[in-house]
């Protein structure tokens, strides 16, 4: 193996910067577009006019500053402006739909010019593609495409809901619950947010899609920070948003059909994303143990000098069936976890029909939602052990009628039978097809 000297690396980075100058000119054009937008589209909303003018000037400034190789980091200023542009129409409650459309699209493009364009030259994208001890590459494009797809679906739905909250449209369609969506997104809880909460969701989903598309097939060790940010957007924030959606009957007294579709997308994304996060955590833990420069590796990536190739992941020229299988490596759906998810849905759907009321009904909604969430998350092999959380939930669900009071004989028998059913099913781990290095001992 030949180790590249610092001088050689700098020459490679300099030539790469020259090849990527088109992104700076693209950002400059976006700045000019924003400056012209208020007059072109006839903005009547003064705060949005000033926001676009200032944002446009900043994009031009950051693009010019980042033209020089030694100042290329200024392009991240454009990324921050792009994030602001997605938030500005919400913060100002922009009264014209063209403002929301223009700012969010230009914001996405500004972030894309910074984030999607590789930060590392291809000459430095070397090293193993499959993490040590693993049987597949969690950063392969086949693994990330479904996540990007579901993030885009969530983005479109959330933008639609935000348009209603911003009063651009006067009705909102619900595929399952009639006026349920409208009741939820106009509820007191939603109105207490200083900005349209659906717009915040759209902003998060767009960032998830962009972060999912960033980096190559080695990004688990060449761009750890990207995977960590991506994981934060999808895993903890996604988990919280899913629970909020599932608890709508308690908070609002209605279901939002479109919100449930988004929650399903988030659950699938979470199950498909968590393996890459585990791979990055394993790699960073090894860097820490070996006392190598942790933060330098975290932000600038690895400096492997071997070129191990992933021979398992199919190319996109191979049959579609092979590529589809590659999308779900690391995820299996055991029959028992399907049944525990259905048990959670059963609780959500039938608690009030079976005579649950008051605090007991609210408890049933919480337990049912949690069972669904932990069952689907546990479809990912690296998080299969989380199925055991359902045992704790089931135990509480079974004893809740005795503890909370207000139960009748039907409640007691129903809770006990469902609890025993979920406890028994959660004991079985199900098949684990892949290997995950040191993480294997955490799968039980």
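Just so you know, all these numbers are worked out from the coordinates, no wet-lab data involved. Values in this document were obtained by computation on a predicted structure and should not be read as measured data. Cβ sites come from the backbone with ideal geometry, for glycine too, and all protein chains shown count toward neighbours.
One table, with the values for the structure above:
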item: Helix-only CD estimate at 222 nm, as mean residue ellipticity for the chain, using -39500 (n - 2.57) per DSSP H run (n ≥ 4); result: -21000 deg cm²/dmol
item: Linear extension gain, residue 69 paired with residue 333, 0.36 nm per residue minus alpha-carbon span; result: 90.2 nm
item: Cα-only Debye scattering, the range 88-129: base-10 log of I(q)/I(0) at q = 0.20, 0.32, 0.34 Å⁻¹; result: -0.68, -1.01, -1.06
item: Difference of contour (0.36 nm per residue) and Cα-Cα distance, residue 176 to residue 388; result: 73.1 nm
item: Protection proxy ranking, peptides 315-323, 232-240, average beta carbon neighbours within 10 Å, highest first; result: 232-240, 315-323
item: Nearest-0.05 FRET efficiency for residue 350 and residue 421, computed from C-beta distance (R0 22 Å); result: 0.95
item: Relative packing of 247-256, 390-399, which averages over residues the other C-beta atoms within 10 Å, highest first; result: 390-399, 247-256
item: The chain shape via C-alpha gyration tensor axes, a/c threshold 1.5; result: oblate
item: Length-normalised contact order of the chain in % [C-alpha pairs under 8 Å, at least 6 apart]; result: 15 percent
item: Inter-centroid distance (Cα atoms) of the range 123-191 relative to the range 212-243, Å; result: 14 Å
item: Segment residue 45-residue 14, extension gain: residue separation times 0.36 nm, minus the distance between their alpha carbons; result: 6.8 nm
